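All remarks here apply to the structure that follows.
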Amino acid sequence: MYRGSVLIPALALSTLVASGLWSRTAGAGDPPPTAMESAHEEMGGGGPAEMPVLENDQVRVVRMHLGPHQKIPMHQPPPHLVIWLTPAHLQMTFPDGTSKQERFSRGQATWVAAQKHAGENLGDRPVDFLAVFVKNAGASAPAAR
């Protein structure tokens, strides 16, 4: 059986698919980056453009946008699920100076553990993804059976 903490991101993902947000990529109908908030401001304007998609007592879903070759300053987000809306070629750099490059495909879902890192979009195209943050994991989740 699945634990409740696994069901919350799964439900959030199914909601996003049903609403059409899963397949949306940045386009003419999207708010301009100036309407996006929080992580961008928290990193002194150097972070990704961020637009809230859904927030309730259990989950916070944020759409992130990185421009071509955009760099993100060192930050430490909480653990979260990432759903890639576009292909991505990224470099992550860690506080000890080590780095790694990763590639992601459109539609791929990945788990990001809590870790301090800086990032860079190595591609010539923008990168868009959804970050799904589970709030109070386990606090309101039903017990495993």
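Points worth noting:
- Contact annotation: residue pairs with Cβ atoms under 6 Å, 6 or more positions apart or on different chains, pairing a residue in the range 64-90 that is under 21 Å from Asn136 (Cβ atoms) with a partner that is part of a loop (DSSP other than H, G, I, E, B), are Gln76/Lys116; Pro78/Ala114; Pro79/Ala113; Pro79/Ala114.
- Applying the condition of being modelled with pLDDT of 95 or more and of a type in the set (Val, Ile, Thr) to the range 73-113 and asking which residue is surrounded by the most Cβ atoms within 10 Å (Cβ to Cβ) yields Ile83.
- Pairing residues of the range 98-117 that are free of Cβ contacts under 8 Å to residues at least 12 places away in the same chain with residues that are part of a strand (DSSP E or B), at Cβ distances under 6 Å and at least 6 apart in sequence or on separate chains, gives Ser99/Gln91; Ser99/Thr93; Lys100/Met92.
The values are calculated or read from the model by the stated rules, or taken from the named source; none is laboratory data. The model shown is predicted, which means the values in this text are computed figures rather than measured ones. Counting neighbours? That spans all protein chains shown, and the Cβs are built from the backbone with ideal geometry, glycine included.
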